[in-house]
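Enquirer: Dropping a structure here in structure tokens format, bear with me for questions.
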Amino acid sequence: PVLIRFSYLFSRIMRVWYRGNKGECPVCENSFRKFLPYGIVIRENALCPACLSLERHRLLWLFLKEETDLFSNKMTFLHVAPEQCFHPRFKKLENLDYITADLESPMADMHFDLHDIPLEDNQYDFLMCNHVMEHVEDDHQVMKEILRVLKPGGKAILQVPLDNSLEETYEDPNITNPAEREKHFLQKDHVRLYGNDYPQRLEKAGFKVSAFSFAQVLGKEKTEKFKLPFDEVIFLASKPEV
């Protein structure tokens with residue numbers, strides 16, 4: 001919460017300092033001489049100086065605009081762990097009944113634990129919960145809870161950091177020390193490292209899953225212009241109609 005509040009002042013300064021025409025953020029539609037570096041392992045041209053979107057956020061924004069009806073059809077939308085770059089923009093869309101949720105975030109309308117969501121079944125047309133599954137104790141239980149609150153035919157975006165060199169997700173509940181978790185799972189508050197079996201884990205919880213290599217569809221020119229992750233796969237998880 002403290003970092004979120006501080007970041008608003010930070011972005012006001014950075015958007016002026018980095019103004020230019022070498023790269024464009026499709027989320028806030030500002031142009032910059034370059035993007036900011038970011039990450040535990042530093043990535044250049046990663047963070048938008050204005051809206052603070054990362055590469056994955058910019059890719060997802062373009063996917064949602066071009067491949068879904070989120071920006072046009074009337075629907076109920078639950079956004080868990082709302083990203084700063086998305087929150088004000090989704091909130092302005094008149095076609096959305098938009099609700100946010102988190103454990104602590106000051107941006108959230110509701111606060112709860114995803115292992116036991118205090119909401120009725122079949123409520124939402126769309127749900128987004130990105131880079132959360134690697135933090136939760138029981139991801140299968142969380143996936144089932146998300147499936148439960150979606151309407152039949154509802155869709156979810158549940159992105160996670162994924163290691164393509166792993167065929168199976170690596171997790172060990174005996175690793176609890178923050179330093180050891182960072183060593184094994186790349187971050188001290190992660191409890192697993194997802195592999196190529198991630199879509200199968202979603203299917204095991206009851207979802208139908210479609211995979212999109214969307215940056216490759218956009219092509220290298222747009223990937224460079226918007227500073228996108230070329231190899232990231234977007235998983236669109238749907239609740240069966242029946």
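Enquirer: Cysteines of the chain lacking any other cysteine beta carbon under 4.7 Å?
Expert: For the chain, the answer is 129, because their Cβ atoms have no other cysteine Cβ under 4.7 Å.
Enquirer: Please give every one of the lysines within straight-line cross-link reach of residue 225, meaning a C-alpha to C-alpha distance under 22 Å, and leave out same-chain neighbours fewer than 8 residues apart.
Expert: 22, 34, 65
Enquirer: Using the per-residue mean of other Cβ atoms lying within 10 Å as a proxy for protection, in what order, highest first, do the peptides 63-73, 81-91 fall?
Expert: Numbers: 63-73: 14.4, 81-91: 18.2.
With the highest mean Cβ count within 10 Å placed first, the list reads 81-91, 63-73.
Enquirer: Can I ask one more? With the other protein chains left in place, how much accessible area per residue, in square angstrom, belongs to the chain at a 1.4 angstrom probe? Please list the in-between numbers first.
Expert: Working: 12880 Å² over 242 residues.
The answer is 53 Å² per residue.
Enquirer: Just the number, please: carbon plus sulfur as a percent of the accessible area of the chain, 1.4 Å probe, no ligands or DNA/RNA counted. Could the numbers behind the result be given before it?
Expert: On the way: 6510 of 12880 Å².
C and S atoms contribute 51 percent here.
Enquirer: For residue 42 and residue 183 in the same chain, what is the full-extension length gain: residue separation times 0.36 nm, less their Cα-Cα distance, in nm?
Expert: Working: separation 141, 0.36 × 141 = 50.76 nm, distance 1.65 nm.
So the extension gain works out to 49.1 nm.
Enquirer: Simple spin-label model, 7 Å along Cα-to-Cβ: residue 104 to residue 225 in nm?
Expert: 4.0
Enquirer: What share of the DSSP beta bridges in the chain is antiparallel, in percent to the nearest 5?
Expert: Of those bridges, close to 45 percent are antiparallel.
Enquirer: Based on the mean of other Cβ atoms within 10 Å per residue, sort peptides 134-143, 34-43, 53-62 so the most packed one is first.
Expert: On the way: 134-143: 17.9, 34-43: 13.5, 53-62: 22.7.
Order by mean packing, descending: 53-62, 134-143, 34-43.
Enquirer: While we're looking at this one, here's another question. Find the lysine pairs in segment 136-216 meeting two conditions, Cα atoms under 17 Å apart and a separation of 8 or more places or different chains, and report how many there are. Spell out each step's value before the answer.
Expert: Values: 144/155; 144/204; 144/208; 151/208; 155/204; 155/208.
Eligible lysine pairs with Cα atoms under 17 Å apart amount to 6.
Enquirer: Using only the alpha carbon atoms of segment 182-242, find the Kirkwood hydrodynamic radius as the inverse mean reciprocal pair distance, in angstroms to one decimal.
Expert: 13.9
Enquirer: Using 1/(1 + (r/R0)^6) with R0 = 22 angstrom and r between the beta carbons of residue 34 and residue 93, what's the FRET efficiency to the nearest 0.05?
Expert: Details: r = 30 Å, r/R0 = 1.36.
Efficiency, rounded to the nearest 0.05: 0.15.
Enquirer: So what is the calculated 222 nm ellipticity per residue for the chain, using -39500 (n - 2.57) for each DSSP H run with n of 4 or more, over all residues, to the nearest 500 deg cm²/dmol?
Expert: Numbers: 8 runs with 73 residues, N = 242.
Rounded to the nearest 500, the figure is -8500 deg cm²/dmol.
Enquirer: Using a 7 Å offset from the Cα along the Cα-to-Cβ direction at both residue 116 and residue 203, what is the distance between the two label points in nm, to one decimal?
Expert: 3.2
Enquirer: While we're looking at this one, here's another question. Can you pull the one-decimal nm distance between simple spin-label points at residue 166 and residue 65, each 7 Å off the Cα toward Cβ?
Expert: So the label points at residue 166 and residue 65 sit 3.3 nm apart.
The values are calculated or read from the model by the stated rules, or taken from the named source; none is laboratory data. These figures come from a predicted structure and were not determined experimentally. With ideal geometry, Cβ positions are generated from the backbone for all residues, glycine too; neighbour counts draw on all protein chains shown. With ligands, DNA and RNA removed, areas are computed over all heavy atoms of the protein, side chains included. Shrake-Rupley method; radii C 1.70, N 1.55, O 1.52, S 1.80 Å.
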